[in-house]
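Report on one structure; see the data block that follows.
Bear in mind these aren't lab numbers, they're just calculated from the coordinates by the rules spelled out. Everything numeric in this text was worked out from a predicted model, so none of it was measured. Every residue, glycine among them, receives a Cβ derived from its backbone with ideal geometry; neighbour counts consider all protein chains shown.
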Amino acid sequence: MVEFKVVVNDPKDGKSYSIPVSGHHANSLIGKKIRDEVDGIFVSLPGYKLQITGGTDKDGFPMRQDIPGTTRRRLLLSKGLGYRPDEPGKRQKKSVRGSVINPEIVQVNMTVTKPGAKPIIDLITTEKKEEPVKEKKAQ
């Protein structure tokens, strides 16, 4: 079963929220590309519209929008996503992932394009059911 950690950025308040997604909602994200707009119901945020902005695979390699498909490739990079040179003009080969979400992706980054009726923090806290902490008896 596919499971993603979705990081939703809310530009309105400048905060990011981590939401675990699994089951049929996670399966519906497979095949989507960077810059696609999805409904918030897939990440337990009804009424929201979210845009996919990137992600990382199981080994930590970032997704790049300019690479089609789902495969991992080694590119000669001089700047941009996946490489920050320590001196001007330096180039290096780095591994990066394509722009399509597949089961090897672990984290998906999204941003809010159309907010819903309720704030995100209220929707997330109602999903989490906290169990009461049991106290240990002193012996």
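A few points about this structure:
- log₁₀ of I(q)/I(0) at q = 0.13, 0.22 Å⁻¹ - the chain, Debye sum with one point per alpha carbon: -0.63, -1.29
- Distance histogram in 5 Å bins (all Cα pairs of segment 74-125, percent per bin): 4, 13, 16, 14, 13, 12, 11, 8, 7, 2
- Evaluated over segment 3-118, the count of Lys pairs having alpha-carbon atoms less than 20 Å apart is 24 (only pairs 8 or more residues apart or interchain).
- DSSP bridge analysis restricted to segment 3-118 gives an antiparallel fraction near 80%, rounded to the nearest 5.
- For the chain, the residue among VAL106, MET63, VAL2 whose Cα projects farthest onto the positive side of the dipole built from Cβ charges is MET63.
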